[in-house]
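Enquirer: Quick one: structure below, then a few questions.
The values are calculated or read from the model by the stated rules, or taken from the named source; none is laboratory data. Everything numeric here is computed off the predicted structure, so don't read it as measured data. FYI the Cβ positions are ideal-geometry reconstructions off the backbone, even for glycines, and counts take in every protein chain you see. These accessible areas exclude ligands, DNA and RNA; they are computed on the full protein's heavy atoms, side chains included. Shrake-Rupley method; radii C 1.70, N 1.55, O 1.52, S 1.80 Å.
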Amino acid sequence: MGAVIARKSVYEAFMQGPENAIELFHGYTYSAHPTACAAGLATLGIYEREGLLTRARTLASAWEEAAHSLRGLPHVIDVRNYGLILGLELESIPGKPGARAFDVYAKCFERGLLTRQTADIIALSPPLIVEPAQIDQIFTTLGEVLRAA
């Protein structure tokens, strides 16, 4: 599914072309394909039935507590979270920006934990089906990797 959002001034600029021109032409491959629409509607039904859109609120405090338990570990500069999102800022290795976080990313992956790394920041955002025991497992693994770094 896709959409285009533009300021009114941008929209108006595109509407100045010939009458037979396609406005905001950017490709519509599989646009409104019945299978994609059915999958989207089924997904929305699951989200509603299982309460996935509000589930993060019930897990946010456990996530925050686990995330902030990493404060004080080697090379941790800052721990930032919002709901089930985490930004873990690590101290850069002098002359090698991003290397420390990449090493943490790789070691976590070897232990079965997939993170994201941007510069020297480890980013986490679990699926909305995450369970409290999995939150514990995520932060236990991350803590072990940071202690060994």
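Enquirer: Dipole of the chain, Cα-centred, from +1 at each Lys and Arg C-beta and -1 at each Asp and Glu C-beta, to the nearest 20 debye?
Expert: Around 140 debye, computed over the chain.
Enquirer: In what order, largest first, do CYS37, CYS108 sit by accessible area if the probe radius is 1.4 Å?
Expert: From most exposed to least exposed: CYS37, CYS108.
Enquirer: How high is the relative contact order of segment 27-144? Use alpha-carbon pairs under 8 Å, at least six apart in sequence, and give a whole percent.
Expert: So the answer I get is 22 percent.
Enquirer: Determine the gain in length on full extension of the stretch ILE5-ARG49; use 0.36 nm per residue of separation and subtract their C-alpha separation, reporting nm with one decimal.
Expert: Stretched fully, the ILE5-ARG49 segment lengthens by 12.9 nm.
Enquirer: Could you work out the percent of alpha carbon pairs in segment 95-139 separated by over 16 Å, rounded to a whole number?
Expert: Roughly 41 percent, rounded to a whole number.
Enquirer: Which whole-Hz ³J(HN,Hα) couplings does segment 108-125 yield from phi under the Karplus relation 6.51 cos²θ - 1.76 cosθ + 1.60, θ = phi - 60°, glycine and proline marked x?
Expert: 5, 4, 4, 9, x, 10, 8, 10, 10, 10, 9, 6, 9, 10, 9, 10, 10, 7
Enquirer: Another question about this same structure. How large is Rg over Rh for segment 37-116, taking Rg from the Cα atoms and Rh as the Kirkwood inverse mean of 1/r across Cα pairs?
Expert: With Rh from the inverse mean 1/r over Cα pairs, Rg/Rh is 1.12.
Enquirer: Where in the chain lies the longest segment free of GluC sites (Glu not before Pro) that are both loop residues by DSSP (not H, G, I, E, B) and have at most 16 other Cβ atoms within 10 Å?
Expert: 92-149
Enquirer: Provide the FRET efficiency to the nearest 0.05 for the THR58-ALA123 pair, computing r from the beta carbons and using R0 = 30 Å.
Expert: The pair THR58/ALA123 has a calculated efficiency of 0.85.
Enquirer: Quickly estimate the mean residue ellipticity at 222 nm for the chain, helices only: each DSSP H run with n ≥ 4 gives -39500 (n - 2.57), and the total goes over all residues, rounded to 500.
Expert: Helix contribution divided over all residues of the chain: -15000 deg cm²/dmol.
Enquirer: How would ASP120, ASP78, ASP136 rank on accessible area, largest to smallest, probe 1.4 Å?
Expert: ASP136, ASP78, ASP120
Enquirer: Go through LEU146, HIS33, ALA106 and say which Cα lies farthest out towards the positive end of the charge dipole of the chain; charges sit on Cβ, +1 for Lys and Arg, -1 for Asp and Glu.
Expert: So the residue furthest toward the plus end is LEU146.
Enquirer: Heavy-atom accessible area per residue, the chain, 1.4 Å probe: how many Å²?
Expert: Accessible area per residue: 69 Å².
Enquirer: At a temperature of 37 °C and a viscosity of 0.692 mPa s, determine how fast the chain diffuses translationally according to Stokes-Einstein, using the Kirkwood radius over alpha-carbon pairs as Rh; express D in µm²/s, rounded to the nearest whole number.
Expert: Rounded to a whole number, D works out at 175 µm²/s.
Enquirer: Carbon and sulfur: what percent of the chain's accessible surface (1.4 Å probe)?
Expert: 58
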